[in-house]
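J.: First the structure, which I've put down as structure tokens, then a few questions once you've had a look.
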Amino acid sequence: MRSTNKIILLVSFFLSLHAALKSQINGNNLLEYQFGELPGDSAAISTVYDRANLNYTYQNFKGGVTLEQFHSPIEKRNYTKLSQYLLQYNSEMLDVKIGNFYETIGRGLLLRSYEIPGAVLEDLSYRSRHYFHRDIAGFTTKFHHKNFSTKLIYGKPLNYVFPPSQSDSYRRPDIIEAIYSEYSFKKQTIGASVLRLTNSSKSAVYSMVTASGNLSPVISYYTEMAKNISNFGLADFSSQAPYALYVGINLSFNNLGISAEAKSYNNFLIGAGVNEPPALVKEHTYKVLNRSTHVLQPLNEKGYQIEVFYTFPDLSTLTLNNTIAINNFGKKFIFHEYFAEYDFVWRDMHDVKIFADYAEDPFKLEEQRISAGAYFEWKILQTSSLKTDYEFQTYNRLEKKVQNHVLSLGYTYKSKLVFNITSELSDDAFITNNKTKTWVGSTIKYKINPENSVQLFLGQRRGGSACNAGVCYEVLDFKGIELRLTSRF
Amino acid sequence: MLCAILASIGLNAQTVKNFELKDIENSTRTFADLKGEKLTVIDFWATWCKPCNKAIPELNKIYESYKEKGVEIIGINCDGPRSVSKVAPLSKTLQIKYPVLIDINSDIKNELNLMAFPTLILVNPEGKIVWIHEGYVTGDSQIIIAEIEKHLN
């Protein structure tokens, strides 16, 4: 009730200003209704999740609020909460944000926050649905002039595992204070940062230096190194010392592009996970591979990733990737993966994509993992197409052969209407009790107009790990009906 | 109720304010420098987004056809730390002809309240967003061209 009053007050305030000053109001809303069964539920239940975001902009100022709600028959899971607010000022030289904001330092060795657009999470423990993001509640200011910029950050990063129904002492256990400055000259940039973390169990100070730029039109580089400097010496790279090193080099020769990256991370999980060093493991869009993505272990991981792109004169593209990640926790785990993908247009009409992948993943107990698949988009007339996709995966787990299959059929009319029916089959003993299990689900998405769309899912959805926009998380199995409405105004 | 109130007061079109980002050559670029005389097309994309990559050759063609008519295209890449290293080599092998800027925090996308990849917006000379298009499938390039023509006239 208190939240509702706050919202009404804020909305009234924004509307009065809008009327007086002829400025802008915009926002979006995501409404998701589910009726079905999730793991742990004895029967199908109805739930509703809604996230409304409203922004007001006048000249250099902006204000915004986000209201999140979840309602189910189980009272303790429900909440209505003003989960974010923001007051912002931007000018040529100064930006100031107070409230909830997203900020990343460098490539994320010290600090990374993010929002996964449209993703709604449900954790098996709390069973409340909530938006998937990791913001910082506090303030930040950035000063920039010509080639120099510096920013100050103070706040409490969100631990997204806990839904808004939980108190902030669980959701935001860490306090960070950080400064980051960078200077650019002749296509080179150097930067430095210091971050202090405080929580109920400790206080620690970390520093970071970074250098990046273009050495020539064909070579660019990025390096970043970070270390705990409060409890360990600058030159201490022992097994106990927290440090992280990332190096990336890019080469481009006409149609050929190469990205090579290396990492060495040790004991480098800051607080409840306010940082996220680059994983250097390919994030696949293919279902069987996305689910098998190696998840970075910042406590101890070394390795590299090389990706090669080649575009042929007919605009078909070849992508090759090789990744190695080594974890040493007393026992050594070596993940390696070889991936190839070829994307081309057949008979000047139909889009075809084929891929093959070989990996060894001792962490997930997946030996000799072979994955392959083909995606066809058959063009019908000028504005519609039929899609037929198939993916296959096999590996050995605990001396037993496992198989996963994904078959999908779809129809697309412009960007207005998308229909898909997907069938998955697995005999993975970890999820099927030694029996073959199938999941069949269909999705229809209709874009009513550029501002509004509706999506309906009906059937079964296979759970497991999923990776999106560089972040990996768990998705629960679902059987039922799900309706999603998204609006922008 | 909220929607009704908003509708009753009438909403102004969203405006793209001047912003500053680095391009794939590590040079700082601003929207004011890059915007088109008559229309600016901004494509928000990511390397891991397959429809985004599929749209790029078509956007290249549109850029070549319309740049002399006062239309500029700006690609804003929103790859996070995990995949941002692939932006420059992929952009070069795809031979993207228009400027590609890097927004590792998705600040501009969030500022404009956009929710999907790819999202393409048309911006008029006053900075107002006159059209938004989410996703990319076969045949969308004709829709994009039709909207450019509509707003050019």
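The values are calculated or read from the model by the stated rules, or taken from the named source; none is laboratory data. None of these values were measured; they are calculated from a predicted model. Because the Cβ atoms are built from the backbone with ideal geometry, glycine has one as well, and the counts that use them run over all protein chains shown. Accessible surface is based on the protein model in full, side chains and every heavy atom, while ligands, DNA and RNA are left aside. Shrake-Rupley method; radii C 1.70, N 1.55, O 1.52, S 1.80 Å.
J.: Which value, in Å², gives the accessible area per residue of region A:68-159 when a 1.4 Å probe is used on the protein heavy atoms?
T.: On the way: 3710 Å² over 92 residues.
Accessible surface, normalised per residue, equals 40 Å².
J.: Another question about this same structure. Summed for both chains, how many Å² of accessible area, to the nearest 100, are buried between A and B with a 1.4 Å probe?
T.: Using a 1.4 Å probe on protein heavy atoms, the buried area is about 5500 Å².
J.: Related question: Tell me which aspartates and glutamates have Cα within less than 14 Å of B:K38's Cα, excluding those fewer than 8 residues away on the same chain?
T.: Qualifying aspartates and glutamates at Cα under 14 Å: B:E68, B:E72, B:E126, B:E147, B:E149.
J.: Output the residues of region B:79-107 meeting this criterion: accessible area (heavy atoms, 1.4 Å probe) in the chain alone minus accessible area with all protein chains in place is 50 Å² or greater.
T.: So the qualifying set is B:P81, B:R82, B:S85, B:K86, B:P89, B:K92, B:T93, B:N105.
J.: Once R0 is set to 35 Å, what does the formula 1/(1 + (r/R0)^6) return for the Cβ-Cβ distance between B:S27 and A:F253, expressed as a FRET efficiency to the nearest 0.05? Show your work: numbers first, answer last.
T.: Numbers: r = 21 Å, r/R0 = 0.59.
That pair, B:S27 with A:F253, gives E of 0.95.
J.: If you don't mind, there's one more thing I want to ask. Let me have the relative contact order for region B:17-152, percent, based on Cα pairs under 8 Å that are six or more residues apart. Present the calculation step by step, with values, prior to reporting the outcome.
T.: Numbers: 232 pairs, mean separation 41.9, N = 136.
Normalised by residue count, the contact order of region B:17-152 is 31 percent.
J.: Say the cut-off is 32 Å between C-alpha atoms; which of A:K186/B:K92; A:K151/B:K35; A:K202/B:K22 go over it?
T.: Going by Cα-Cα distance, A:K202/B:K22 fall outside the 32 Å limit.
J.: What's the extension gain from A:K187 to A:N147 if we count 0.36 nm per residue and subtract their Cα-Cα distance? Provide the component values of the computation, followed by the final result.
T.: Working: separation 40, 0.36 × 40 = 14.40 nm, distance 1.04 nm.
Additional length available on full extension: 13.4 nm.
J.: Relative contact order for region A:263-406: what is it in percent, counting Cα pairs under 8 Å that are at least 6 residues apart?
T.: 16
J.: Could you work out the relative contact order of chain A, using alpha carbon pairs under 8 angstrom and six or more residues apart, expressed as a whole percent?
T.: Relative contact order here is 10 percent.
J.: Between A:S239 and A:R397, take the C-beta separation as r, use R0 = 30 Å, and let me know the FRET efficiency to the nearest 0.05.
T.: 0.45
J.: Roll a 1.4 Å probe over the protein chains and send me the accessible area per residue for region B:17-152 in Å².
T.: 33
J.: Assuming a ≥ b ≥ c are the square roots of the Cα gyration tensor eigenvalues, decide whether region B:84-146 counts as rounded (a/c under 1.5), prolate (otherwise, with a/b larger than b/c) or oblate.
T.: oblate
J.: Still on this structure, I have one more. Per DSSP helix of 4 or more residues, -39500 (n - 2.57); summed, then divided by the residues of the protein assembly as shown. What does that give at 222 nm, rounded to the nearest 500?
T.: For the protein assembly as shown, the value works out to -4000 deg cm²/dmol.
J.: If you don't mind, there's one more thing I want to ask. In nm, to one decimal, how far is the A:I334 label point from the A:F430 one, both placed 7 Å along Cα→Cβ?
T.: 2.1
J.: Which of rounded, prolate, oblate describes region A:52-137, given a ≥ b ≥ c as roots of the alpha-carbon gyration tensor eigenvalues and a/c under 1.5 marking rounded, otherwise prolate only if a/b is larger than b/c?
T.: The shape class here is oblate.
J.: Right, something else. For chain A, which longest stretch is free of loop sites, where a loop site is one of the trypsin sites (Lys or Arg not before Pro) that DSSP puts outside H, G, I, E and B and that has at most 14 other Cβ atoms within 10 Å?
T.: Segment A:203-346 is the longest.
J.: In addition: Report the rotationally averaged projected area of region A:391-489 based on its alpha-carbon convex hull, in square nanometres.
T.: 8.0
J.: How much of the accessible area of region B:17-152, probe 1.4 Å, is carbon plus sulfur, in whole percent?
T.: Values: 2210 of 4480 Å².
Taking all protein chains in place, region B:17-152 shows 49 percent carbon and sulfur surface.
J.: Also: Extension gain A:Y411-A:L31, at 0.36 nm per residue separation less the Cα-Cα distance, in nm? Walk me through the numbers on the way to the answer.
T.: Working: separation 380, 0.36 × 380 = 136.80 nm, distance 2.47 nm.
Stretched out fully, the A:Y411 to A:L31 stretch lengthens by 134.3 nm.
J.: Roughly how big is chain B's charge dipole about its Cα centre, with Cβ charges of +1 (Lys, Arg) and -1 (Asp, Glu), in debye to the nearest 20?
T.: In debye, rounded to 20, chain B gives about 240.
J.: Can you give me the % of accessible surface on chain A that is carbon or sulfur? Probe 1.4 Å, all protein chains present, nothing else counted.
T.: Here carbon and sulfur together make up 61 percent of the probe-accessible area.
J.: Hand me the GluC sites (Glu not before Pro) from region A:388-433 located in a DSSP loop with no more than 15 other Cβ atoms within 10 Å, in residue order please.
T.: Those satisfying the criteria are A:E399.
J.: If a/c stays under 1.5 just call it rounded; otherwise compare a/b with b/c (prolate if a/b is bigger, oblate if not). Do that for chain A, with a ≥ b ≥ c from the square roots of the Cα gyration tensor eigenvalues. All intermediate terms of the calculation are to be shown ahead of the outcome.
T.: Working: a/c = 1.36, a/b = 1.07, b/c = 1.27.
It is rounded, given that a/c, with a ≥ b ≥ c, falls under 1.5.
J.: Using protein chains only (no ligands, no nucleic acids) and a 1.4 Å probe, work out which residues of region A:248-278 have their accessible area cut by at least 40 Å² relative to the chain alone.
T.: Buried on complex formation: A:N250, A:S252.
J.: Give the accessible area for A:D357 in Å² (nearest 10); use a 1.4 Å probe, count only protein heavy atoms, and leave out ligands, DNA and RNA.
T.: 10
J.: Please report, in whole Å, how far the alpha carbons of region A:91-233 spread along each principal axis, starting with the longest.
T.: 52, 38, 31
J.: Could you go through region B:134-139 in sequence order and give the Karplus-derived ³J(HN,Hα) for each residue, using 6.51 cos²θ - 1.76 cosθ + 1.60 with θ = phi - 60°, rounded to whole Hz, and x for Gly and Pro?
T.: 3J(HN,Hα) across region B:134-139, in whole Hz: 9, x, 8, 10, 3, x.
J.: Please report the orientation-averaged projected area of chain B, defined via the convex hull of its C-alpha atoms, in nm².
T.: Result: 9.8 nm².
J.: Next question, about the same structure. Please check region B:25-63 for residues whose accessible area, probe 1.4 Å, is lower by 50 Å² or more when all protein chains are in place than in their chain alone.
T.: B:E25, B:N26, B:W48, B:K50
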